[in-house]
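**Student:** Please find one structure pasted underneath; my questions will follow.
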Amino acid sequence: MSRHRNIRNINIEDEMDDDYDDYDDYEDEEESEKPYTYDRNSLSANYYTYLTDSGRNSPTPTAPPPAANVPTSSYYPPVSTASPTVAPAFSASIVRNMTAPLLQQHQKPPKNVNNRPSTPQGASNVNTPKRTQQVKNLQAESATPNVSRPSSEVDLTAYRRNQLQNIAKAPSVPRKTPKPRVAEKDLINLIVVGHVDAGKSTLMGHLLHDLEVIDTRTIDKFRHEAARSGKASFAFAWVLDETEEERERGVTMDIGRTSFETSNRRIVLLDAPGHKDFISNMITGTSQADAAILVVNATTGEFETGFENGGQTKEHALLLRSLGVTQLVVAVNKLDTVEWSFERFEEIRNNLSVFLTRQAGFSKPIFVPVSGFTGENLVKRMDLDWYDGPCLLELIDNFVAPQPPSDGPLRIGISDVHKVSANQVVVSGKIESGEVDKDDKVYIMPSVIPATIKDCASNNGSKHYFAGDYIMFTLQGTFEPESVQVGSVVVKSGPDTLIPSRKFQVRLVVFEIATPIIKGAKSELYAHSLCIPCTFTKLIHTINKSNGEVLKQKPRFIAKGMSAVVEIETDHDVAIEAFTSCRALGRVTFRSGGNTIAAGIVEKSITPQ
Ligand code: GTP
Ligand code: MG
């Protein structure tokens, strides 16, 4: 089956000079370079009924063992790994269905195939249709807004700056000692990536079946139904491809989430789409990932299609690395189609490891031969005369969990706004750092609106919410139409509050783009759940990808494959910050003309004086 497309029409020409004489000095950068349990259906009743205050009497959790640090390379700055607290398991259906309890009352949750708009029109317009509706609701309901804010834009800026200074000067809110957890296993957010049709969903569906978390009857049912629509071979993929459209087309479109446990780990599995049309969903998943499995197709000619320009293998690998994922297993899949040929495995390993280590910057990618279809080497070691290494499950069990920075400053990235009124907003999002409790006083950035956390719930029924938890909560305050949006961040006051800005210094890796990035080029910036137009305002220097050395100051352009430090300006203030302060809020991706053109990390925020 071939769904490969050779489209690389990166489009930044709007902002490019016609004059490319400088390309004479275009120099491509030198390549230096058991019990297994399943909680898919275990969404607690507590969670669904939290609004009636149930789910608050769960047993006192116990402390998890401290986790080791995630290794980082010399190129990327060290990751802050402050606290030993580990987030709770979070099942797939919980994430996918998180909106269910509240939306039932107000609206049907849409299947959000493309979480982010591909062409943002500006911060105020970077709304999903759902949010546009919410803003309308708010306008209707906020008949008596009681925030007295200055009206002219100049006054408003001064007012905001004043507000921010006061918030930052406020004494730190004392942080609570992280409460012990029920779970004792480390949590790993694991993303499965790779070129379209590499067999990602089949591989993971089969693994879940072999772990007995999906029963054989369900697979048989899938096989029967898939056969009726002429897609019998997709039975295992249907475990993760849950929507009708995905099943009909035989293509993963949105991140499929589920969770399971291995001997030592709790795994939140994120099955990414391989098709380039859905790359923004892949990026969303990657920005939540701690480790990755890159699946490649060993079938004759297919590895090459995925690996060459136009294929997603390289782009996915670069995205992983650029978004801070350092742990990688490469699953060389569909080896049954080449009779488990050692030569083919070696050929793929050799080609790919040069790229992964020298260009993408992974230090030790591990290669494992598998067949997602026939099931060899998934949960049991297989009998091969040329391979006696670990099976896929053993490698998953060996991933190292990052320590969620629970004792860091509070950062909750809002990924859904469910219900809005003038005084209450119901939202959900991930606690990227810090902890939060009911009645905590918080601020919403970048709008600088004070609010109080009211009803709050996560899937584990705990009363305490820490870094790593996905929570749904109510914010009480006085809101204007755009006070709370997808991409807003909830913070506390004090020295480590988040000061919104529109200028940032970013270190990035440029992908296979047709036209280089020049000063003044426009793009779309993606960071956590935010999407906003931005401009490359300064090209500061290019750098050597493998050791971070400066290659050229003030380059005139940044071409494909290069690494560079640039200054960018967003159309409006946004709540992102240095990667060293908060990984999740410091990972950024740039897209243009429907393609990912670069990704990287925020080095610093340049706040207005
Ligand atoms: P996208 O999510 O759309 O990128 O695809 P995917 O990588 O998830 O691939 P999927 O699991 O949907 O599988 C695509 C096709 O490859 C299906 O027909 C599978 O049966 C087939 N396939 C997957 N793994 C194997 C394998 O190990 N061997 C063989 N022979 N076929 C496989
Ligand atoms: Mg898939």
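**Student:** Could you check, for segment 244-254, whether at least one of its residues is within 8 Å of ligand 1 (Cβ to nearest atom), touching a Gly at 6+ places or on another chain (Cβ under 9 Å) and of a type in the set (Gly, Ala, Ser)?
**Tutor:** no
**Student:** Working carefully through the options 356, 378, find the one that is at pLDDT 90 or above and assigned to a helix (DSSP H, G or I). Lay out the reasoning, then the answer.
**Tutor:** Values: 378 fails: assigned to a helix (DSSP H, G or I).
Testing whether each residue is at pLDDT 90 or above and assigned to a helix (DSSP H, G or I) leaves just 356.
**Student:** Consider residue 345 carefully, then state whether it is over 16 Å from residue 472 (Cα atoms), crowded, with 19+ Cβ neighbours inside 10 Å, touching a Pro at 6+ places or on another chain (Cβ under 6 Å) and at pLDDT 95 or above.
**Tutor:** Against the criterion (over 16 Å from residue 472 (Cα atoms), crowded, with 19+ Cβ neighbours inside 10 Å, touching a Pro at 6+ places or on another chain (Cβ under 6 Å) and at pLDDT 95 or above), residue 345 qualifies.
**Student:** Next up: Could you tell me whether residue 305 is assigned to a loop (DSSP other than H, G, I, E, B), away from ligand 2 (no atom under 12 Å from the Cβ) and at pLDDT 90 or above?
**Tutor:** Values: assigned to a loop (DSSP other than H, G, I, E, B): no; away from ligand 2 (no atom under 12 Å from the Cβ): yes; at pLDDT 90 or above: yes.
It is false that residue 305 is assigned to a loop (DSSP other than H, G, I, E, B), away from ligand 2 (no atom under 12 Å from the Cβ) and at pLDDT 90 or above.
**Student:** State all residues of segment 328-341 that are out of contact with any Pro (no Cβ under 9 Å at 6 or more places or on another chain) and either surrounded by 24 or more Cβ atoms within 10 Å (Cβ to Cβ) or assigned to a helix (DSSP H, G or I) (or both); if no residue qualifies, say none.
**Tutor:** Residues of segment 328-341 that are out of contact with any Pro (no Cβ under 9 Å at 6 or more places or on another chain), as a first pass: 334, 336-339, 341.
Hits for segment 328-341 are 334, 336, 337, 338.
**Student:** Out of all the residues in segment 261-282, which are near ligand 1 (Cβ under 8 Å from one of its atoms) and touching a Gly at 6+ places or on another chain (Cβ under 7 Å)? Talk me through it step by step, then tell me what you get.
**Tutor:** Of all residues in segment 261-282, those near ligand 1 (Cβ under 8 Å from one of its atoms) come to 271-275.
Hits for segment 261-282 are 271, 272, 274.
**Student:** Where in segment 552-609 are there strands (runs of 3 or more DSSP E), lying wholly inside it, with at least 3 residues that are touching a Lys or Arg at 6+ places or on another chain (Cβ under 6 Å)?
**Tutor:** Counting at least 3 such residues, we get 563-574, 595-606.
**Student:** Spot the failing condition for residue 392; the list is (1) out of contact with any Leu (no Cβ under 6 Å at 6 or more places or on another chain); (2) of a type in the set (A, V, I, L, M, F, W, C); (3) farther than 15 Å from residue 484 by Cβ, and only one is missed.
**Tutor:** For residue 392, the failing item is (1).
**Student:** Tell me which of these residue 463 doesn't satisfy, since it passes every other one: (1) within 21 Å of the chain's Cα centre (by Cα); (2) part of a loop (DSSP other than H, G, I, E, B); (3) more than 22 Å from residue 158 (Cβ to Cβ).
**Tutor:** Answer for residue 463: the failing condition is (1).
**Student:** Please specify each residue of segment 508-526 satisfying the condition of being outside any strand (DSSP E or B), crowded, with 23+ Cβ neighbours inside 10 Å and of a type in the set (Ser, Thr, Tyr).
**Tutor:** Correct list: empty.
**Student:** Just to verify a result, which residue in segment 191-222, among those that are within 11 Å of ligand 1 (Cβ to nearest atom) and part of a helix (DSSP H, G or I), is nearest to residue 313 (Cα to Cα)? Before you say what the answer is, go through the steps one by one.
**Tutor:** At the first step, the residues of segment 191-222 found to be within 11 Å of ligand 1 (Cβ to nearest atom) are 192-206.
Now narrow it down to the ones that are part of a helix (DSSP H, G or I): 200-206.
Numbers: 200: 12, 201: 16, 202: 17, 203: 16, 204: 18, 205: 21, 206: 22 Å.
Among those that are within 11 Å of ligand 1 (Cβ to nearest atom) and part of a helix (DSSP H, G or I), it is 200.
**Student:** Regarding residue 202, is this residue of a type outside the set (Lys, Arg) and within 13 Å of ligand 2 (Cβ to nearest atom)?
**Tutor:** Working: of a type outside the set (Lys, Arg): yes; within 13 Å of ligand 2 (Cβ to nearest atom): yes.
Yes.
**Student:** Another question, if that's okay. Name the residues in segment 562-591 that are over 17 Å from residue 523 (Cβ atoms) and not acidic (Asp, Glu), would you?
**Tutor:** At the first step, the residues of segment 562-591 found to be over 17 Å from residue 523 (Cβ atoms) are 573, 575, 577-586.
Selection gives 575, 578, 579, 580, 581, 582, 583, 584, 585, 586.
**Student:** Given the condition closer than 26 Å to residue 417 by Cα and not assigned by the TED database to the domain that holds residue 432, answer yes or no: does some residue in segment 545-562 qualify?
**Tutor:** Going through segment 545-562, the residues closer than 26 Å to residue 417 by Cα turn out to be none.
Checked against the condition, which is being closer than 26 Å to residue 417 by Cα and not assigned by the TED database to the domain that holds residue 432, segment 545-562 yields no hits at all.
**Student:** Let me ask something additional. Given (1) at pLDDT 95 or above; (2) in contact with a strand residue (DSSP E or B) (Cβ under 8 Å, 6 or more places away or on another chain); (3) away from ligand 2 (no atom under 14 Å from the Cβ), where does residue 209 come up short, assuming only one miss?
**Tutor:** The failed condition is (2).
**Student:** So is residue 601 over 26 Å from residue 276 (Cβ atoms), of a type in the set (A, V, I, L, M, F, W, C) and surrounded by fewer than 24 Cβ atoms within 10 Å (Cβ to Cβ) or not?
**Tutor:** On the way: over 26 Å from residue 276 (Cβ atoms): no; of a type in the set (A, V, I, L, M, F, W, C): yes; surrounded by fewer than 24 Cβ atoms within 10 Å (Cβ to Cβ): yes.
For residue 601, the condition - over 26 Å from residue 276 (Cβ atoms), of a type in the set (A, V, I, L, M, F, W, C) and surrounded by fewer than 24 Cβ atoms within 10 Å (Cβ to Cβ) - is not met.
**Student:** Sticking with this one: Within the group 325, 296, which residue is part of a strand (DSSP E or B), in the same structural domain as residue 377 (by the TED database) and hydrophobic (A, V, I, L, M, F, W, C)? Walk me through how you get there before you give the answer.
**Tutor:** Details: 325 fails: part of a strand (DSSP E or B).
Answer to the check: 296.
**Student:** Quick check, is residue 258 surrounded by 23 or more Cβ atoms within 10 Å (Cβ to Cβ) and more than 18 Å from residue 371 (Cβ to Cβ)?
**Tutor:** Working: surrounded by 23 or more Cβ atoms within 10 Å (Cβ to Cβ): yes; more than 18 Å from residue 371 (Cβ to Cβ): yes.
So residue 258 passes the test.
Each row is one residue, and each column tells you yes or no for (1) more than 12 Å from ligand 2 (Cβ to nearest atom); (2) part of a helix (DSSP H, G or I); (3) not assigned by the TED database to the domain that holds residue 393.
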site: 233; (1), (2), (3): yes, yes, no
site: 246; (1), (2), (3): no, yes, no
site: 258; (1), (2), (3): yes, no, no
site: 267; (1), (2), (3): yes, no, no
site: 270; (1), (2), (3): no, no, no
site: 273; (1), (2), (3): no, no, no
site: 281; (1), (2), (3): no, yes, no
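**Student:** Among the residues that make up segment 566-576, is at least one of them aliphatic (A, V, I, L, M) and at pLDDT below 90?
**Tutor:** So in segment 566-576, the residues aliphatic (A, V, I, L, M) come out as 566, 568, 574-576.
Imposing the further condition that a residue be at pLDDT below 90 reduces the set to none.
So far as segment 566-576 goes, no, none of its residues is aliphatic (A, V, I, L, M) and at pLDDT below 90.
The values are calculated or read from the model by the stated rules, or taken from the named source; none is laboratory data. Because the structure is predicted, anything quoted here is derived from the model rather than measured. Glycine also receives a Cβ, built like all others from the backbone with ideal geometry; neighbour counts cover every protein chain displayed.
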